[in-house]
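What follows is a set of notes on a single structure, which appears directly below.
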Amino acid sequence: MLWLMLCAALAAPRADAVAEVSAPTRDPARARLVFVGDSGMAPGDDDCTWRGDGSAAADCAISVSERDRLRASIAAVQPDAIYALGDLVYPMAPRCRRVTGAAARTLDRAIGDLYDDLAAPVWLVLGNHDLGHVRVSSARLRCLQRYAAARAHLRLPAPQARVDHGLASVVVMNSNLRRQAQLPASAVRDATADGDWVLVAAHHELRAAFEKLREGPWEPPPPGRWLVAEDLHPHLWANGHAHTLQVGAYDARVADGGAAHGGPERPVLALTSGAGSKLRAHPSCGPGAPATDRAACRAPHPRGMPAFSLSRFGFAVVEVEPDTLTVWVLDLDGQPRHAWTRTRDAVGGPIALTAPPWDAHPSPDSPEPP
């Protein structure tokens, strides 16, 4: 029995392992990356209902037709890579020794049916529904890794990774880890030293308005504390977890109560792209939001409020060029809803919406967004 336990321990994948991967883009002067989170809900038959500004009228899950539209819109962007920001499977990822039977069907419905044949590699980021809400499950991790390894388009070489796209490095984090010493600080630091644009892809948020704050003991420690303690300066923090689309700039030093620690202000551009299959109805922030919502978005909060928030299925595109990084937030029909450009030295702010730098070809059967 002791020998069997030792073999099992040796075979268990390390939840803090970090892979170094080179994934050059087709154009060395540009990287186009898609970020979509919380996509693991198998679709149903009923479409969501929408308010006049296009946000969800009530909490809802994606339908078959809505997911088809989302998938077509992601493909139309022609990204160099896609980052699936965790909660790849609801309600929980399976445990499996072989990816067959029920485990295979579950993973196909949640992951394969959405991400197959999108003509770009899909990097899987691990969420709490994938590994366990409190303790990381090595059995679930092993099952997901075996599933990804068997499919040409999926990437999960390790729970954490530095993916070098040339101009940009994306540091994939297993944000489920409780001990922040296990997080990939050296990968962020090395990418910064190499002069890359540095993007962190995590499941858990740096900051999200209206939900996911102090939800319970299963939430990991705030990552802002880690950024300050390790003196890390990513150009973008991208996460899922909160079932909405949000963009804002936040001071990494500020805790939930409003107290700031760690020297001068540390603004970080933060993207929440958690609208891949589940929505929670929240106030909309930004141009076109109803007056009642704008009041909620102006309410003082010690950690700040997002410049943009919309409860609608969608995803984000990050366009990286030598001197600028632009975040585009798109709805499920590929229509741009928000844009924000920053330089290497300044976080900046939102910019006026213009035509995005790609040709979008939504399905002619797709209804016009409200």
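Miscellaneous remarks
- In the stretch 264-298, the qualifying residues are those that are in a strand (DSSP E or B) and over 14 Å from the mean Cα position of the chain (by Cα), and the one that is surrounded by the fewest Cβ atoms within 10 Å (Cβ to Cβ) is Pro267.
- Selection status of Asp68, among the acidic types (Asp, Glu), in a loop (DSSP other than H, G, I, E, B) and either within 30 Å of Ala291 (Cα to Cα) or in contact (Cβ under 8 Å) with a residue 12 or more places away in the chain (or both): no
- Looking only at the stretch 28-56, and only at residues there that are touching a residue at least 40 places away in the same chain (Cβ under 8 Å) and among the acidic types (Asp, Glu), the one that is nearest to Ala289 (Cα to Cα): Asp53
- Among the residues of the stretch 32-54, those that are surrounded by fewer than 24 Cβ atoms within 10 Å (Cβ to Cβ) and not in a strand (DSSP E or B) comprise Met41, Ala42, Pro43, Asp45, Asp46, Asp47, Cys48, Thr49, Arg51, Gly52, Asp53, Gly54.
- Every residue from the stretch 81-102 that is farther than 19 Å from Ser277 by Cβ and either in a helix (DSSP H, G or I) or within 16 Å of the chain's Cα centre (by Cα) (or both): Ala81, Gly101, Ala102
- Residue check, Asp117 more than 18 Å from the chain's Cα centre (by Cα), within 30 Å of Val320 (Cβ to Cβ) and part of a loop (DSSP other than H, G, I, E, B): yes
- Test: residue in the stretch 151-160 that is in contact with a helix residue (DSSP H, G or I) (Cβ under 8 Å, 6 or more places away or on another chain), crowded, with 18+ Cβ neighbours inside 10 Å, under 23 Å from Ala275 (Cα atoms) and basic (Lys, Arg): yes
- Members of the stretch 188-223 found to be farther than 23 Å from Asp130 by Cβ, not hydrophobic (A, V, I, L, M, F, W, C) and not in a loop (DSSP other than H, G, I, E, B), listed by number: Arg189, Asp190, Thr192
- In the set (1) in a helix (DSSP H, G or I); (2) on the phi > 0 side of the Ramachandran plot; (3) of a type in the set (Asp, Glu), Asp108 fails one condition alone, (2).
- Across the stretch 237-255, the qualifying residues are those that are of a type in the set (A, V, I, L, M, F, W, C) and closer than 28 Å to Tyr90 by Cβ, and the one among them that is surrounded by the most Cβ atoms within 10 Å (Cβ to Cβ) is Leu245.
- If the condition is being touching a strand residue (DSSP E or B) at 6+ places or on another chain (Cβ under 7 Å), touching a residue at least 40 places away in the same chain (Cβ under 8 Å) and closer than 15 Å to Trp197 by Cα, then the stretch 318-345 contributes Val318, Glu319, Val320, Leu325, Val327, Arg342.
- Identity of the residue in the stretch 299-342, of a type in the set (Gly, Ala, Ser) and under 16 Å from Ala238 (Cβ atoms), that ends up nearest to the chain's Cα centre (by Cα): Ala316
- Looking across the stretch 107-143 at every residue that is touching a residue at least 60 places away in the same chain (Cβ under 8 Å) and among the β-branched types (Val, Ile, Thr), the one that is nearest to Phe35 (Cα to Cα) is identified as Val125.
- Scanning the stretch 239-294 for residues that are touching a strand residue (DSSP E or B) at 6+ places or on another chain (Cβ under 9 Å) and acidic (Asp, Glu) returns Asp251, Glu265, Asp293.
- Residue in the stretch 49-67 that is within 19 Å of the chain's Cα centre (by Cα) and within 22 Å of Ala152 (Cβ to Cβ) present: yes
- Flag for Glu265 being more than 30 Å from Pro43 (Cα to Cα) and among the charged types (D, E, K, R): yes
- Taken as a whole, the structure leaves Arg67 outside the set of residues that are surrounded by fewer than 18 Cβ atoms within 10 Å (Cβ to Cβ) and of a type outside the set (Ser, Thr, Tyr).
- Elements of type strands (runs of 3 or more DSSP E) contained in the stretch 300-347, each with 3 or more residues being farther than 19 Å from Ser169 by Cβ and of a type outside the set (A, V, I, L, M, F, W, C): 336-342
- Inspection of the stretch 207-219 identifies at least one residue that is in contact (Cβ under 8 Å) with a residue 12 or more places away in the chain, of a type in the set (D, E, K, R), in contact with a helix residue (DSSP H, G or I) (Cβ under 8 Å, 6 or more places away or on another chain) and crowded, with 22+ Cβ neighbours inside 10 Å.
Only the coordinates and a few stated rules stand behind these numbers; no lab work does. Predicted, not measured: the structure shown is a model, and the values here were computed from it. Backbone-built Cβ (ideal geometry, glycine too); neighbour counts: all protein chains shown.
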